[in-house]
Amino acid sequence: MSDEYSFKTMPSPSPNAYPSRIAVIGDLGLTSNSSTTIDHVIKNDPALVLMVGDLTYANQYLTTGGQGASCFSCSFPNAPIRETYQPRWDGWGRFMEPLTSRVPMMVIEGNHEIEPQVNGITFQSYLTRFAVPSEESRSNSSFYYSFNAGGAHFIMLGAYVDYNITGTQYSWLVDDLHRVNRSLTPWVVAAWHPPWYNSYNSHYQEFECMRQEMEALLYQYKVDIVFNGHVHAYERMNRVYNYTLDPCGPVYITVGDGGNIEKVDVDFADDPGKCPKPDDNKPEFGGLCHLNFTSGPAKGKFCWSKQPEWSAYRESSFGHGILEVVNSTYALWTWHRNQDAYKEDKPGDQIFIVRQPELCSPTTKETSNPPQGARASDPASPSSTVILSSKTMWLMSLLVALFGIVVR
Ligand SMILES: [Fe+2]
């Protein structure tokens, strides 16, 4: 009944084989900005697409008349429930077809996929429209699962289902992390929708409860990179654990800036007068676990008065990211702003992420939960995120391409 399409499957697990380019997109929606993002993604020719939640915004299309609102509950306080408008989902599917008809796309749910209906029914569009390898990854839930793409193991987590230590998602995550063979898949990349580390005013510390439940486990198993969305802007963190700079923590990157109808977030929590009240950012699932920092420049306070040291780069533009894993040590991360699609391709942010697990032996790093907000006594530990000049990166890429060497 339809045209025939084909796609290339991922390389088998191996430390020497990776998808050429992995596109990471969050909070996409269906607007002119979404169009620019997807045009730009197609131009970058990814082998795999990672969607970190909030796909269509179909849940607020009818109420808003398709115009969007930066604060839905403020603009429409009497809207009884957020609808689930299926023609909008269909339109989004057609919009994505030029990409998804030939490139595998892996999704995880965001808050806009909850779509609460009568009788407590939720997530029906997400569950019905996407197939994810839940059985294959032994989770038996479409809300969290894992998969391999060459030498990278991806873990997709659910922030809107039980994430507590006593729950089934947590026990599955323990099992999944335990089964990862790092000699076959050296890279472990996790993704879920709302970020734990976020210095924007919007959604500030919203999912602090989830961080307090799960962060120690990801740290224990040396997860390399975490991708999130939800906040409609870009932010890349320095390697961090428990709000403390730590060379053994993951690199957290927020790309919730795909182009939705709720506009970009522009205010930082450290801007004068912009620190949210502790109960301003109520999560759509889970409780409030806000913390005041226990040491450092923000000691005793809920917000910093300047860009926190764990926040490396932040900018309010729409865009998407491309991850290019070179080998078991190096991966190049590039954030492409939408405005860069119209001129010489000058990325908004670009770094090599470097795996140095030898710096983080289990004997030197305890995995138990230290006090929340505690600061390391020596934050000047060797950093494993390297920022290089574009000329140096070009030279390294050329060397790797020509000789397949491992650059150290
Ligand atoms: Fe969201």
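When segment 155-204 is limited to residues that are more than 14 Å from residue 108 (Cα to Cα) and of a type in the set (Phe, Trp, Tyr), the one that is farthest from the ligand (Cβ to nearest atom) turns out to be 187. Within segment 55-80, the set of residues being more than 16 Å from the ligand (Cβ to nearest atom), touching a residue at least 12 places away in the same chain (Cβ under 8 Å) and polar (S, T, N, Q) comprises 63, 67. For residue 212, are the conditions met, namely being of a type outside the set (Phe, Trp, Tyr), under 19 Å from the mean Cα position of the chain (by Cα) and open to solvent by less than 10 Å² (accessible area, probe 1.4 Å)? It is false that residue 212 is of a type outside the set (Phe, Trp, Tyr), under 19 Å from the mean Cα position of the chain (by Cα) and open to solvent by less than 10 Å² (accessible area, probe 1.4 Å). Of 52, 41, all but one fail to be within 24 Å of residue 339 (Cα to Cα), more than 16 Å from the ligand (Cβ to nearest atom) and touching a residue at least 40 places away in the same chain (Cβ under 8 Å); the exception is 41. Residue 97: open to solvent by 50 Å² or more (accessible area, probe 1.4 Å) and either touching a strand residue (DSSP E or B) at 6+ places or on another chain (Cβ under 8 Å) or modelled with pLDDT of 95 or more (or both), yes or no? When the stated conditions are applied, residue 97 passes them. Looking at segment 239-252, is at least one residue closer than 28 Å to residue 31 by Cα, in contact with a His (Cβ under 9 Å, 6 or more places away or on another chain) and of a type in the set (Ser, Thr, Tyr)? Within segment 239-252, none of the residues are closer than 28 Å to residue 31 by Cα, in contact with a His (Cβ under 9 Å, 6 or more places away or on another chain) and of a type in the set (Ser, Thr, Tyr). Just give me the residues in segment 103-151 being open to solvent by 40 Å² or more (accessible area, probe 1.4 Å) and aliphatic (A, V, I, L, M), in sequence order. Selection gives 105, 118, 121, 127, 131. Of the residues in segment 86-115, how many are within 20 Å of residue 158 (Cβ to Cβ), within 16 Å of the ligand (Cβ to nearest atom) and not charged (D, E, K, R)? Number of matching residues: 6.
Going by what's in this entry, would residue 270 be described as in a loop (DSSP other than H, G, I, E, B), out of contact with any Asp or Glu (no Cβ under 9 Å at 6 or more places or on another chain) and open to solvent by less than 40 Å² (accessible area, probe 1.4 Å)? Answer is yes for this residue. Could you say which residue among 231, 240 is under 24 Å from residue 298 (Cα atoms) and within 16 Å of the ligand (Cβ to nearest atom)? Unique residue meeting the criteria: 231. In the condition set (1) crowded, with 24+ Cβ neighbours inside 10 Å; (2) over 15 Å from the mean Cα position of the chain (by Cα), residue 178 is compliant with all but (1). Any residue in segment 265-278 that is modelled with pLDDT of 95 or more, basic (Lys, Arg) and within 19 Å of the chain's Cα centre (by Cα)? The answer is no; no qualifying residue exists. Residues in segment 38-91 that are more than 30 Å from residue 280 (Cβ to Cβ), touching a helix residue (DSSP H, G or I) at 6+ places or on another chain (Cβ under 9 Å) and either crowded, with 17+ Cβ neighbours inside 10 Å or among the aromatic types (Phe, Trp, Tyr) (or both): 38, 40, 41, 46, 49, 89.
Scanning segment 285-297 turns up one or more residues that are within 23 Å of the chain's Cα centre (by Cα) and within 16 Å of the ligand (Cβ to nearest atom).
The lone criterion from (1) touching a helix residue (DSSP H, G or I) at 6+ places or on another chain (Cβ under 7 Å); (2) over 26 Å from residue 160 (Cβ atoms); (3) open to solvent by 70 Å² or more (accessible area, probe 1.4 Å) left unmet by residue 284 is number (2). Just checking, does segment 123-138 include any residue being touching a Ser or Thr at 6+ places or on another chain (Cβ under 7 Å), within 16 Å of the ligand (Cβ to nearest atom) and either of a type outside the set (Asp, Glu) or more than 18 Å from residue 230 (Cβ to Cβ) (or both)? Yes - at least one qualifying residue is present in segment 123-138.
The C-beta contact set for segment 292-308 (first residue buried (at least 16 other Cβ atoms within 10 Å of the Cβ), second residue assigned to a loop (DSSP other than H, G, I, E, B) and aliphatic (A, V, I, L, M), distance under 9 angstrom, 6+ apart or interchain) comprises 302/269; 302/291; 303/269; 304/269; 304/298; 308/269; 308/298.
The values are calculated or read from the model by the stated rules, or taken from the named source; none is laboratory data. Everything numeric here is computed off the predicted structure, so don't read it as measured data. Because the Cβ atoms are built from the backbone with ideal geometry, glycine has one as well, and the counts that use them run over all protein chains shown. Quick note on the areas: whole protein, heavy atoms, side chains included, nothing else; ligands and nucleic acids left out. Shrake-Rupley method; radii C 1.70, N 1.55, O 1.52, S 1.80 Å.
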